[in-house]
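Report on the structure given below.
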Amino acid sequence: MDGPARVPGEGPGGVAETRAAAASAAPSPDVAASPVLVDQPQATLRRRGRPRKVEGAVTPGKVSGGVPGRAPGASARSAPPRAPVISDAARLAGSNTAELAGPDPAVLAGPDPLTGTGWPDHVAELAARKHLEVLATVEALRARGRTIYPARSDVFRALRATPWDAVRVVILGQDPYHGPGQAHGLAFSVPDGVPLPRSLRNIFKEVVADCGAESGQPGFPAQTGKSGTSSSPAGGTSADAPLLAPFSSAPPISAPPSGNLCRWAAQGVLLLNTVLTVEDGQPNSHAGLGWEAVTRGIVAALGARSQPCAFLFWGRPAHGFAALVTNPEHLVLTAAHPSPLSASRGFFGCAHFSRVNAWLTARGEVPIRW
């Protein structure tokens with residue numbers, strides 16, 4: 001307040017008297033430093049008991065909201081140190097982040113393994129060689145002693161086995177199998193002679209339950225006609241079998257099923273993982289390394305192309321790719337993942353294989369021999 005307070009009803013004389021009284025008084029320094037406003041109600045002192053709690057007051061040493069304050073004159077305490085933020089690339093390289101400073105230059109300068117497949121002509125990320133940048137990082141880790149699956153020659157097997165113009169169905173996986181001898185570049189697939197992983201075994205169970213003898217899966221009995229002979233002999237085909245080989249050329253039904261899905265790839269089924277490499281015994285260890293940007297670009301390009309195809313998205317991570325399919329002419333099917341942890345919660349009974357074949361047949365195309 002710039003001037004002395006004036007009590008309502010007082011004249012000029014009252015002001016003078018007030019000034020005189022103020023001059024004759026000897027106020028303490030504390031009082032002089034804290035002028036009192038007449039219009040502000042003053043709290044009355046209590047003789048004993050705890051001080052009255054005033055609404056909005058702050059207890060000394062505390063900050064509103066329950067955060068302890070700092071007493072006047074006390075030295076400020078330093079904040080506790082934060083844990084360092086480690087990027088995915090640094091995590092993969094271990095504590096020495098300089099280990100990833102130089103990706104393999106031979107990969108960056110070398111030929112593109114996808115040349116002639118049509119993929120770099122239609123996918124911007126592949127045209128910009130983004131897949132080779134990630135591969136160069138992977139090969140740098142491999143050169144430093146990391147055990148990584150699949151082999152370098154198999155990393156892009158899915159795209160080479162099913163060129164751009166040949167894609168009719170897309171099955172999206174997560175990352176390769178992380179055990180020795182399992183991953184060979186096709187989602188859910190294993191080489192001939194390798195025991196079936198549980199997810200692949202569940203896929204075969206659903207194929208047989210969904211398509212019956214028409215699935216052509218080896219190791220499962222076929223339906224018989226009135227003559228007692230098999231009307232559709234079941235049997236498997238080798239990885240090099242011709243496209244849509246006749247059922248009569250298949251091995252006998254006693255042959256064990258093969259987990260090699262090259263026969264699907266040869267019929268136009270793109271078996272693509274969202275992450276193309278993995279470290280031994282560490283599932284999802286290469287997530288965030290850069291593969292996701294490449295595979296999202298691939299799915300987006302397929303989802304926008306004019307030639308329709310069917311997309312099978314199994315599991316929540318794959319469901320997030322469904323929004324990339326923008327052409328309404330495509331067929332998009334989602335279900336739970338075939339893993340034993342979730343197969344009984346929506347994968348078994350999804351009938352994706354028969355629905356894809358019905359859709360292909362309605363378009364005048366040859367169905368997939370699952």
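Extending 7 Å from the Cα toward the beta-carbon at both residue 153 and residue 322 defines two label points whose distance is 4.0 nm.
Each Cα pair of the range 257-359 feeds into the Kirkwood radius, which the Stokes-Einstein equation turns, at 37 °C and 0.692 mPa s, into a diffusion coefficient of 217 µm²/s.
Model label sites at residue 287 and residue 166, defined 7 Å from Cα along the beta-carbon direction, differ in position by 3.1 nm. Once the Cα-Cα distance is subtracted from the 0.36 nm per residue extended length, the residue 280 to residue 129 segment shows a gain of 51.8 nm.
Give the residue list of trypsin sites (Lys or Arg not before Pro) in the range 318-370 that are DSSP loop and have at most 14 other beta-carbon atoms within 10 angstrom. Intermediate results must be reported in sequence, preceding the final value.
Values: sites: 345, 355, 363, 369; in loops: 363, 369.
Sparse-neighbourhood loop trypsin sites (Lys or Arg not before Pro): 363.
Diffusion coefficient (Stokes-Einstein, Kirkwood radius over C-alpha pairs, 10 °C, 1.306 mPa s) for the range 120-214: 102 µm²/s, rounded to a whole number.
In what sequence, highest mean first, do 327-338, 165-176 appear when ranked by Cβ atoms within 10 angstrom?
Top of the packing list down: 165-176, 327-338.
All of the numbers you see were taken from the coordinates with simple rules; none came from a lab. These numbers come from a predicted model, not from an experiment. In this analysis, Cβ positions are derived from the backbone assuming ideal geometry, glycine residues included, and neighbour counts consider all displayed protein chains.
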